[in-house]
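Working notes, structure below.
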Amino acid sequence: MSATVASAKRLHDEEEKTLVHFLKKRYSAKEVALTKILDEKLLGGFRVEANNEVIDLTIKNKIRQLQEYLTRPAN
Amino acid sequence: MTTNHLVENLKKEIENFKAQIKVEKVGRVIEVFDGIAKVSGLSDIKSSEMVTFGSGEAGVALNLEEDAVGVIILGDFSKIKEGDEVKATGRILEIPVSDNTLGRVVNALGSPIDGKGPMRAEKAYPIEKVAPGVITRLSVDQPVATGIKVIDAIIPIGRGQRELLIGDRQTGKTAIAIDTILNQKGQNMICVYVSIGQKDSKLRKIEARLEEGGAMNYTVIVSAGASEAASLSYIAPYTGVSIAEYFMDQGKDVLIIYDDLSKHAVAYREISLLLRRPPGREAYPGDVFYLHSRLLERACRRNEKYGGGSITALPIIETQAGDISAYIPTNVISITDGQIFLETDLFYKGIRPAVNVGSSVSRVGSNAQIKAMKKVAGTLKLDLAQFRELEAFAQFGSDLDDATKRQLERGKRSVEVLKQLQYAPVKTEYQVVTFYALVKGFMDDVPIEKIKEFEKKLIEYTERNAKTFYKEIAEKKMWTDKGEAELVKAITDFKNGRH
């Protein structure tokens, strides 16, 4: 299967290995072809896209969530 | 609040915040055209689930196909391109609701568009909801005073009723709706006016008119303009009724006007055809009946145990050349609890509001009429029906017997009394007095062209000289012998002084 990982900084080999291992387990895949993208706008962290799913662990997403939380409707 | 205090609060809020780590389902846009997007992926999406596009636009998944999802885009679709990311939200489309919406003009997504600044939401309501069930309902027995004589007397509307306004263009359908809103001042009623595919200039005029009449304090306008996407016209009535439900949930009575459902059906037809759903009669999709029935079923009167409150719906349908047997008119006629027919011929004859009394009905409203009105309106209805029958005869010759002549004269006066200017609602008490004078024959010797003047002065005179009668109507909804005697005396005195 193929997966895309986007991050603000280049991933270390160790990090990449852990990620591939995780993806293999999660999707019960034998091989994972990883496409790496560098995007400084993400500010930090990384974001994986595989099998129509996204796991977003970037700082940018965190800030967006904080914004939503602070501007949420009062109960 | 000081700045320090604000900062402290903000800090506390930020401390409370925990970022969620979740797996999101995403798809990619395969194709975009005419406000529709085909999206791949999104394998677990529900029907009518809300999605968000990368550019921030919202959408609703309507067609769930084998390898793609058909999504209608709510808003500007020019920024969405092939390959864009689409996220499923897992929620049905929601709109923000709050008491602050009163007096505002909002779009189909519930955001203000009147330039009066942002609106703080209290809750989010889904736009699609199952209508209240049988056990939560109560039968209709409280009147909606429209202030329009012909409606209040002959085609009465009750709280929780659905009454259709139907007629050709330029026959005064919107005028009746607006007059009804204007007359709700002090009647403990919240009004929602849903404008679907109307010209923005018309909406502006209506808003100004309501503002001038002091009606915006208890009114919300929901607008999906003619220049906006068809998808917004499609959801606007559901948005309107969700806002209405928010107020009903507080136990309030709400009046909602859909202006008009013909354009709503056309918008839905456009969406359906673009989604390649098979066309049926007049090219409308197969579920166009359900489109309107599920909307109008949400009008109801709830019993106290389930929170009380009511939603009265006045849908409007525009016919083409008086053809009420077209697809959409027949559908909506069968869903509603009655209809008010407006006719071009009557309009140009000067009978305004141009209501065709013969073919207009209210199936549940008569239970909601106050007793006094029921008493006078019964005779009035009979007078008018006899008049219509005789009118055709009378054209052939003049040698009619006295009884027939009397009935004809009475009928002509009844028609005259029922004429009414726009933006001039009449209070229920005044209506009762006018109809009382009419059906008891006090107007029979007044020349037809003087009827309007007579009516006006009679009301002024009786209000001063028959106070008991007015008090009884206002408080007990029916007159007693004492009040009646006083009114008869006042009317006789008035006539004697005048003639």
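The values are calculated or read from the model by the stated rules, or taken from the named source; none is laboratory data. Computed from a predicted model, the values in this text were never measured in an experiment. Reconstructed Cβ throughout: ideal geometry from the backbone, glycine too, with neighbour counts over all protein chains shown.
Residue count for segment A:42-64 satisfying the condition of being part of a helix (DSSP H, G or I), within 12 Å of another protein chain (Cβ to nearest Cβ), surrounded by 15 or more Cβ atoms within 10 Å (Cβ to Cβ) and not basic (Lys, Arg): 1.
Please find, among B:Thr468, B:Thr462, the residue that is polar (S, T, N, Q) and under 20 Å from B:Ala377 (Cβ atoms).
The conditions single out B:Thr462.
Of these, B:Gly90, B:Gly83, B:Gly103, which one is part of a loop (DSSP other than H, G, I, E, B), small (Gly, Ala, Ser) and under 27 Å from A:Leu70 (Cα atoms)? Checking each option against the conditions leaves just B:Gly103. Going through (1) more than 16 Å from the chain's Cα centre (by Cα); (2) modelled with pLDDT of 95 or more one by one, B:Ala313 falls short only on (1). Among the residues of segment B:364-381, those identified as of a type in the set (Gly, Ala, Ser), farther than 17 Å from B:Glu475 by Cβ and in contact (Cβ under 8 Å) with a residue 60 or more places away in the chain are B:Gly365, B:Ser366, B:Ala368, B:Ala377.
Scanning segment B:18-71 for residues that are within 16 Å of A:Asn51 (Cβ to Cβ) and exposed (fewer than 15 other Cβ atoms within 10 Å of the Cβ), we see that the one that is farthest from the other protein chains (Cβ to nearest Cβ) is B:Asp67. So for segment B:171-188 (the condition being polar (S, T, N, Q), buried (at least 24 other Cβ atoms within 10 Å of the Cβ) and within 20 Å of B:Lys123 (Cα to Cα)), does at least one residue qualify? No, there is no match, as no residue in segment B:171-188 is polar (S, T, N, Q), buried (at least 24 other Cβ atoms within 10 Å of the Cβ) and within 20 Å of B:Lys123 (Cα to Cα). Hey, any hits in segment B:319-327 for a residue that's in a helix (DSSP H, G or I) and without any contact (Cβ under 8 Å) to a residue 40 or more places away in the chain? Within segment B:319-327 (the criterion being in a helix (DSSP H, G or I) and without any contact (Cβ under 8 Å) to a residue 40 or more places away in the chain), the answer is no, since none of the residues qualifies.
Restricting attention to segment B:74-131 and to residues that are over 25 Å from B:His292 (Cβ atoms), within 13 Å of another protein chain (Cβ to nearest Cβ) and of a type in the set (D, E, K, R), the residue that is farthest from the chain's Cα centre (by Cα) turns out to be B:Glu85.
Of the residues making up segment A:4-41, those that are closer than 20 Å to B:Gly83 by Cα and within 14 Å of another protein chain (Cβ to nearest Cβ) number 5. Scan segment B:1-17 for residues that are polar (S, T, N, Q) and more than 14 Å from every other protein chain (Cβ to nearest Cβ) and the total you get is 3. For segment B:436-460, filtering for residues that are more than 14 Å from B:Val488 (Cβ to Cβ) and assigned to a helix (DSSP H, G or I) leaves 12.
Of all the numbered requirements in (1) within 14 Å of chain A (Cβ to nearest Cβ); (2) part of a loop (DSSP other than H, G, I, E, B), B:Gly160 misses one, and that requirement is (1). Scanning segment B:217-237 for residues being assigned to a helix (DSSP H, G or I) and out of contact with any strand residue (DSSP E or B) (no Cβ under 9 Å at 6 or more places or on another chain) gives a total of 1. Listed by first and then second residue, the pairs with beta-carbon distance under 6 Å, at least 6 apart or on different chains, first residue in segment B:257-272 and in a strand (DSSP E or B), second buried (at least 24 other Cβ atoms within 10 Å of the Cβ), are B:Ile257/B:Tyr193; B:Ile257/B:Leu314; B:Tyr258/B:Val194; B:Tyr258/B:Pro237; B:Tyr258/B:Pro315; B:Asp259/B:Ser195; B:Asp259/B:Ile316.
Of the residues making up segment A:19-41, those that are closer than 14 Å to A:Ser2 by Cβ and part of a loop (DSSP other than H, G, I, E, B) number 5. Of everything listed in (1) surrounded by 15 or more Cβ atoms within 10 Å (Cβ to Cβ); (2) aliphatic (A, V, I, L, M); (3) modelled with pLDDT under 90, the single unmet condition for A:Ala74 is (1).
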